[in-house]
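The values are calculated or read from the model by the stated rules, or taken from the named source; none is laboratory data. Bear in mind the structure is a predicted one, so any value in this text is a computation, not a measurement. All Cβ positions, even for glycine, are placed from backbone atoms using ideal geometry, and neighbour counts span all protein chains on display.
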Amino acid sequence: MPWMNLEPAHRQARAEFARKDPRSMADCGAVGYDPAKGEFVVPFLGSDYIVGYPGGEVRELSGVTGVPLEVQILLLHYLVKAGPARAEGRLISFKELPGGSIYTGPFTNRAVRPLVGIFGQKPELLVRAGEMLGGERVPVGDVAVRVPALPKIPITFVLWLGDEEFPPSGNVLFDASAPCHLPTEDYALLPGLALGKMKRLVF
């Protein structure tokens, strides 16, 4: 992620989270909220995470290890930023996100190159890994899978198979509603987190 230091971003995310109405965040983010416990349940890449309100503490429901700081920030950003918009069913590239051209380099290094490097020669594993995270194969490129990273944020991983002349290539696409739910810099990070988990599932 293009943050030099995660601690200030984490503090700011928690402060913004504490100021927001929890029921509004639950409705906009399409997540569960238990007012008695002051806890959200946020599905993220096939696992459920508990986010405490108003403090913003994050833990994985079934995990015993700590949640990486970049994941904590991402989940807080989602709860704070997610709007009422629904998925449009139209795909856009990272460059089409607001200010996306600024982060094209980090996005390519964190998302597109790992996608091709991990799955370019084994596209069937891309589909299998995506399905293990609740995704489904979709008719884009030569092989593609749409993965529900967060309740309102599907990510589509696309591969074009290589031949004798050209190596495999790929891209990562988002629903056109993506700008309504996270800032663009978070989308430079999110696909890489998904690919890391997908790799661990099938290799």
>> Residues to consider are 104, 65; find the one that is closer than 30 Å to residue 162 by Cβ, surrounded by fewer than 19 Cβ atoms within 10 Å (Cβ to Cβ) and modelled with pLDDT under 95.
In response: 104
> So which of 45, 74 ends up being surrounded by 15 or more Cβ atoms within 10 Å (Cβ to Cβ), under 24 Å from residue 177 (Cβ atoms) and touching a Lys or Arg at 6+ places or on another chain (Cβ under 7 Å)?
Replying inline: 45
> Here are some conditions: (1) part of a strand (DSSP E or B); (2) farther than 15 Å from residue 192 by Cα. Residue 154 meets all but one. Which one does it not meet?
Replying inline: (2)
> Can you tell which of 134, 117 is within 15 Å of the chain's Cα centre (by Cα) and loosely packed, with under 15 Cβ neighbours inside 10 Å?
Replying inline: 134
>> Which condition from (1) out of contact with any His (no Cβ under 6 Å at 6 or more places or on another chain); (2) small (Gly, Ala, Ser); (3) surrounded by 13 or more Cβ atoms within 10 Å (Cβ to Cβ) is the one that residue 55 breaks?
In response: (3)
>> Please go through segment 19-60 and give me each residue that is more than 19 Å from residue 189 (Cα to Cα), outside any helix (DSSP H, G or I) and of a type in the set (A, V, I, L, M), ordered by number.
In response: 30, 31, 36, 41, 50, 51
>> Show me the helices (runs of 4 or more DSSP H) entirely contained within segment 61-150 in which 1 or more residues are over 30 Å from residue 23 (Cβ atoms) and touching a residue at least 60 places away in the same chain (Cβ under 8 Å).
In response: 104-107, 113-119, 123-132
>> I'd like to check something: does segment 148-163 contain any residue that is in contact with a helix residue (DSSP H, G or I) (Cβ under 9 Å, 6 or more places away or on another chain), polar (S, T, N, Q) and outside the structural domain of residue 54 (by TED's automatic domain parsing)?
In response: no
